[in-house]
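Take a look at the structure below.
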Amino acid sequence: MSTRRTDFELNLTTVLRARDRRAADPTGATLPAGVLEAAVEACLAAVRPRDRWPENTRLYAVLRAQLGERPYRAFLAVGAAAAALFAVLGPRALSWLDPLLRSPF
Amino acid sequence: MAQADDGDLRLAAAVAAGDQAAARRLCERYLPRVFGYILRRTGLGPDTAAELAQETVVAALRSIQHYGGRSSLDTWLCALARHKVADHYRRESRRPASLDDLALRGLELFDQAPLPQEVAERDELAEAVHRAVWLLPPAQRDAVLGKYLDGLSLAELAREMGRTEKAVESLLSRARATLRRMLAAWAEG
């Protein structure tokens with residue numbers, strides 16, 4: 001029984017390490033061509049905001065950048081846009097605020 | 001287990017904040033390491049190993065907020081890679097697809113005599129043995145790879161696995177019994 005176990009363990013060691021020895025050779029563990037480039041693309045896509053409104057919109061990115069660099073101008077621009085909407089559409093432009101303000105939440 | 005350093009924590013925080021350059025850095029630094037790790041510890045070919053390495057790194061980027069810094073990024077990624085490899089083997093049919101005559105002879109002899117070198121170095125046999133090891137329950141698999149591939153002593157394995165030496169010996173004993181059964185069944189076809 002002990003001989004059988006020794007043979008089994010010896011074979012297990014030899015077979016598992018045969019692969020390890022070959023992979024340890026620098027030429028045996030080189031990524032196949034093009035894999036790194038494709039993986040980098042997949043990685044960048046994985047960290048891009050997806051299905052997240054409004055973070056994935058261009059307007060949001062511009063506003064955020066402007067808020068960081070010139071906050072007063074950005075506030076003025078947003079205020080002016082809201083005022084223009086109000087001027088064109090009247091109180092209806094802000095009517096969506098009413099249910100929101102009355103909501104128990 | 002390797003500890004996280006400041007570089008690991010800074011890189012993970014930058015990726016979590018959506019920094020594309022940091023994501024690129026993480027991918028370029030760790031993809032080759034994960035690939036080498038998978039290749040050395042499995043019977044998989046380079047293409048499948050590369051595919052699983054990419055899946056591992058992408059999964060790591062998507063769940064980087066769960067990286068708590070308790071271990072190095074390298075250790076964390078290798079743990080993710082082990083899950084990916086185990087999933088891969090579970091998804092495939094249990095028996096290896098290609099067992100040529102020499103590999104079958106190796107499986108028959110496995111428990112009976114030291115294998116001749118040309119049999120022991122046969123890719124098909126290595127694929128079958130690695131597959132059997134990866135189909136073991138995770139603790140048994142880690143014990144087998146630690147002892148027979150990495151050559152760790154029982155004491156080292158016990159420390160690494162956070163178990164007593166007796167518990168590790170018991171894991172190894174159960175693992176050997178399961179492997180014997182699995183390899184004998186594959187030898188019979």
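The values are calculated or read from the model by the stated rules, or taken from the named source; none is laboratory data. Keep in mind the model is a prediction, meaning the values are calculated, not measured. Cβ atoms come from the backbone with ideal geometry, glycine included; neighbour counts cover every protein chain shown. These area figures cover heavy atoms from the full protein model, side chains too; ligands, DNA and RNA do not enter into them. Shrake-Rupley method; radii C 1.70, N 1.55, O 1.52, S 1.80 Å.
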Check: Normalised by the number of residues in segment B:98-189, what is the relative contact order in percent for Cα pairs under 8 Å and 6+ residues apart?
Finding: 33 percent
Next item on the list: Would you rank A:73, B:41, B:131, B:95 by solvent-accessible area, highest first, keeping every protein chain in place and using a 1.4 Å probe?
Entry: A:73, B:95, B:41, B:131
Item checked: Whole-number percent relative contact order across segment B:1-94, with pairs defined as alpha carbons under 8 Å at least 6 apart -> 41 percent
Item checked: residue B:4 long-range amide H proximity, modeled H, under 5 Å -> B:71, B:72
Notebook entry, point to check: Can you run phi through the Karplus equation (6.51, -1.76, 1.60; θ = phi - 60°) for segment A:78-91 and list ³J(HN,Hα) in whole Hz, with x for Gly and Pro?
Noted result: 5, x, 5, 5, 5, 5, 5, 4, 5, 5, 7, 9, x, x
Item checked: Karplus-derived HN-Hα couplings along segment B:158-173 (A = 6.51, B = -1.76, C = 1.60, θ = phi - 60°), whole Hz, x at Gly and Pro -> 4, 5, 5, 8, x, 10, 7, 4, 4, 5, 5, 4, 5, 4, 5, 5
Next item on the list: May I have the pair-distance distribution P(r) for segment B:98-189, computed from all Cα-Cα distances with 5 Å bins from 0 and rounded to whole percent?
Entry: 2, 15, 23, 21, 17, 12, 7, 2, 0
Check: When the dipole is taken about the Cα centre of segment B:98-189, and only Lys, Arg (+1) and Asp, Glu (-1) are charged at their Cβ, what size is it in debye, to the nearest 20?
Finding: 560 debye
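Would you compute, from DSSP H runs of 4+ residues alone, the mean residue ellipticity of the protein assembly as shown at 222 nm, taking -39500 (n - 2.57) per run and dividing by the full residue count, rounded to the nearest 500?
Computed mean residue ellipticity for the protein assembly as shown: -22500 deg cm²/dmol.
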Checklist line | Simple label model, 7 Å out from Cα along Cβ direction - residue B:150 to residue B:167, nm | finding: 1.6 nm
Check: Under the definition of partner shielding as Cβ atoms of other protein chains within 10 Å of a residue Cβ, what is the mean value for peptide B:16-24?
Finding: 3
Check: With labels modelled as points extended 7 Å from the Cα through the Cβ direction, what inter-label distance (nm, one decimal) is found for residue B:100 paired with residue B:5?
Finding: 4.5 nm
Next item on the list: May I ask you to derive the FRET efficiency for residue B:87 and residue A:67 from their Cβ-Cβ distance with R0 = 35 Å, giving the value to the nearest 0.05?
Entry: 0.20
Next item on the list: Counting only C-alpha contacts under 8 Å and six or more residues apart, can you give the relative contact order of chain B as a whole percent?
Entry: 21 percent
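I'd like the FRET efficiency for residue A:84 and residue B:17, computed as 1/(1 + (r/R0)^6) with the beta carbon distance as r and R0 of 22 Å, rounded to 0.05.
E(calc), rounded to 0.05, equals 0.05.
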Next item on the list: Compute the Rg/Rh shape ratio of the protein assembly as shown: radius of gyration over Kirkwood radius, all on alpha-carbon atoms.
Entry: 1.19
Notebook entry, point to check: Among residues other than residue B:15 whose Cβ falls under 14 Å from its Cβ, what is the net charge (Lys/Arg +1, Asp/Glu -1)?
Noted result: +3
Notebook entry, point to check: Across segment B:89-104, in residue order, what do the Karplus-derived ³J(HN,Hα) couplings come to in whole Hz, using 6.51 cos²θ - 1.76 cosθ + 1.60 with θ = phi - 60° and x for Gly and Pro?
Noted result: 5, 5, 5, 6, 5, 5, 7, x, 6, 10, 10, 7, 4, 5, 5, 4
Check: Using the reciprocal of the averaged 1/r over all distinct C-alpha pairs, how large is the Kirkwood radius of chain B in Å?
Finding: 18.1 Å
Notebook entry, point to check: Whose amide H sits under 5 Å from the amide H of residue B:150, counting only residues 5 or more places off or on another chain, with H placed in the peptide plane?
Noted result: none
